[in-house]
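**Student:** Quick one: the structure is below, questions incoming.
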Amino acid sequence: MPLFLGAGHEVLLGCRTRDTAGLVRSTGGWWVRVTGEPPEKVHGVPAAAVGTTELDEAVAAADLLVLSVGVARAAGAARHLVPGLARRQGRPVDVWVVENGECAPRVSDALVDTAAARGVLLPPVGVAGAVAWGAVGRGSWHEPGTPEFVGDTARRLVVDGRPLHRAPPALPGVRTTGQYRARLHEKLYVFNAGHALAAYLGWLRGHRTIDAAVGDPFVRPVVAGALLEARRAILAAHPGLLPGRRVDHGADVHGPVADALARYGNAELADPVTRVAREPLRKLSPGDRLLGPVALLRQAAQRVPAHFALGTAAALLYGYGDEAVPAADASARRLRRLLTERGVFAVLTGVCGLAADDPFAAAVAARYHGFVFTDDGVRFPPAAPAHSAAAPPPGALPDRGERLHGQVAR
């Protein structure tokens, strides 16, 4: 939003509820702080809730619509745009869907289905996926007083240029691409994958922030190894990302990995582990940040990616033994219930989409049952061969005779 405001555009913030819109209006503004830079005050931005005449009128008059509400909410949010779109009298408009997932097709379907159900006509709408590289580690409208949103220094937004009806506004760091899926995979399967691995492994080690997690000598080598593997797989799967360039060595592989590790280690961002680890069921689903790079890696080399097997096992353990995590995260709560009731292989097949006899599933199960918990932290299991994994009984969990985050297992 500061990007558009800085370029002189008028902006209205759409909110899910009237209460949130009221909070935004009542604060009179908010702080935006990029690490390493002084904070800036954003003020004078109107806010309107979905289902209100104010939002419908803004959609009817807008030159551009931007959705950034979370992967699971994108299609639902799109339905609320239909009344305003129907008022445009045929004037085309673009919708940028800025999410860590391929949500544009679902948003487009939601618009068409909702318009048909309501018996209204839509103007030409260009629904385009967009990939944002910045990480916002802290900030909430529900903070007392004036909220502060803290992000890192990455300022890059890539928009799928193919569906657009209009050229994007000239904004620093914003550009279009004809290779949207490759750019999405570049972000989701490398940066977001390493981010998630640092969170899940860091949580097991008792860390509260990502910078502390990635500084842990047990965590960092796993994250770095996974990033290198994923980056090589991305370049092999999408050679058009670097036309005419070799991808087997050099800065094209190592540069983005070093950049990601440096961003994870940003202590000023203080990105909470629980923020990055939230919604584990979505992050364990086929094609998302953990299983997506695994599929590419296995296409490039017929072997089990050991770093991702360890990280996926850690994701399965997220929230175990800590009442606070499942209490605050419905996805983590459901994951714990599925593991308890059905066992790890049922989750690997039903949630992760792996076959029961898949060597990667066996490797994940072996590591899931192999974590060692001691009074001073979690020790990671060895990268045992996949064929050594034996199927555990339903509902079985790792042997924990010692402590997990200060709690004695019974």
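**Student:** Cβ-Cβ distance below 6 Å, separation of 6 or more or different chains: which pairs start in segment 78-105 with a residue that is closer than 30 Å to Val136 by Cα and end on one that is open to solvent by 10 Å² or more (accessible area, probe 1.4 Å) and among the charged types (D, E, K, R)?
**Tutor:** Pairs found: Gly84/Asp56; Asp94/Arg166.
**Student:** Something else: Can you find even one residue in segment 92-113 that is farther than 24 Å from Pro168 by Cβ and open to solvent by 20 Å² or more (accessible area, probe 1.4 Å)?
**Tutor:** Among the residues of segment 92-113, at least one is farther than 24 Å from Pro168 by Cβ and open to solvent by 20 Å² or more (accessible area, probe 1.4 Å), which makes the answer yes.
**Student:** Kindly evaluate Ala313 against the criterion of being in contact with a helix residue (DSSP H, G or I) (Cβ under 6 Å, 6 or more places away or on another chain), under 18 Å from Ala363 (Cα atoms) and touching a residue at least 24 places away in the same chain (Cβ under 8 Å).
**Tutor:** yes
**Student:** Given the conditions (1) open to solvent by 10 Å² or more (accessible area, probe 1.4 Å); (2) more than 16 Å from the chain's Cα centre (by Cα); (3) touching a residue at least 24 places away in the same chain (Cβ under 8 Å), which single one is not true for Leu204?
**Tutor:** For Leu204, the failing item is (1).
**Student:** If I go through segment 161-201 residue by residue, how many of them are buried (at least 21 other Cβ atoms within 10 Å of the Cβ) and on the phi > 0 side of the Ramachandran plot?
**Tutor:** Number of matching residues: 0.
**Student:** Go through (1) part of a helix (DSSP H, G or I); (2) open to solvent by 30 Å² or more (accessible area, probe 1.4 Å); (3) within 25 Å of Pro144 (Cβ to Cβ); (4) among the hydrophobic types (A, V, I, L, M, F, W, C) for Val24 and report which single condition fails.
**Tutor:** Val24 satisfies all of (1) part of a helix (DSSP H, G or I); (2) open to solvent by 30 Å² or more (accessible area, probe 1.4 Å); (3) within 25 Å of Pro144 (Cβ to Cβ); (4) among the hydrophobic types (A, V, I, L, M, F, W, C) except (2).
**Student:** Moving on. Please find, among Ala262, Ala267, Ala309, Ala314, the residue that is of a type in the set (Gly, Ala, Ser), open to solvent by 60 Å² or more (accessible area, probe 1.4 Å) and in a helix (DSSP H, G or I).
**Tutor:** Ala262
**Student:** Do we have any residue at all in segment 52-73 that's in contact with an Asp or Glu (Cβ under 8 Å, 6 or more places away or on another chain), open to solvent by 70 Å² or more (accessible area, probe 1.4 Å) and not β-branched (Val, Ile, Thr)?
**Tutor:** The answer is yes; a qualifying residue exists.
**Student:** Right, here's the next one. What are the residues in segment 255-296 that are in contact with a Phe, Trp or Tyr (Cβ under 7 Å, 6 or more places away or on another chain) and farther than 14 Å from Ala230 by Cβ, if any?
**Tutor:** Val273, Ala277, Pro280
**Student:** Then there's this: Would you pick out the residues in segment 314-332 that are farther than 26 Å from Val222 by Cα and of a type outside the set (A, V, I, L, M, F, W, C)?
**Tutor:** The one that is farther than 26 Å from Val222 by Cα and of a type outside the set (A, V, I, L, M, F, W, C): Glu323.
**Student:** While we're on this one: Filter segment 317-361 for residues that are open to solvent by 50 Å² or more (accessible area, probe 1.4 Å), in contact (Cβ under 8 Å) with a residue 60 or more places away in the chain and more than 26 Å from Leu297 (Cα to Cα) and give the result.
**Tutor:** Result: Tyr320, single match.
**Student:** Let me ask something else about it. Among the residues that make up segment 134-155, is at least one of them modelled with pLDDT under 90, surrounded by 16 or more Cβ atoms within 10 Å (Cβ to Cβ), within 18 Å of Val66 (Cβ to Cβ) and aromatic (Phe, Trp, Tyr)?
**Tutor:** Scanning segment 134-155, I find at least one residue that is modelled with pLDDT under 90, surrounded by 16 or more Cβ atoms within 10 Å (Cβ to Cβ), within 18 Å of Val66 (Cβ to Cβ) and aromatic (Phe, Trp, Tyr), so the answer is yes.
**Student:** If we keep just the residues of segment 383-410 that are modelled with pLDDT of 50 or more and among the aliphatic types (A, V, I, L, M), which is most open to solvent (accessible area, probe 1.4 Å)?
**Tutor:** Ala383
**Student:** Here is a further query. Can Phe380 be described as surrounded by 15 or more Cβ atoms within 10 Å (Cβ to Cβ), within 19 Å of Gly311 (Cα to Cα), modelled with pLDDT under 95 and in contact with a Phe, Trp or Tyr (Cβ under 9 Å, 6 or more places away or on another chain)?
**Tutor:** yes
The values are calculated or read from the model by the stated rules, or taken from the named source; none is laboratory data. The model shown is predicted, which means the values in this text are computed figures rather than measured ones. Reconstructed Cβ throughout: ideal geometry from the backbone, glycine too, with neighbour counts over all protein chains shown. For accessibility, only protein heavy atoms count, side chains too; no ligands or nucleic acids. Shrake-Rupley method; radii C 1.70, N 1.55, O 1.52, S 1.80 Å.
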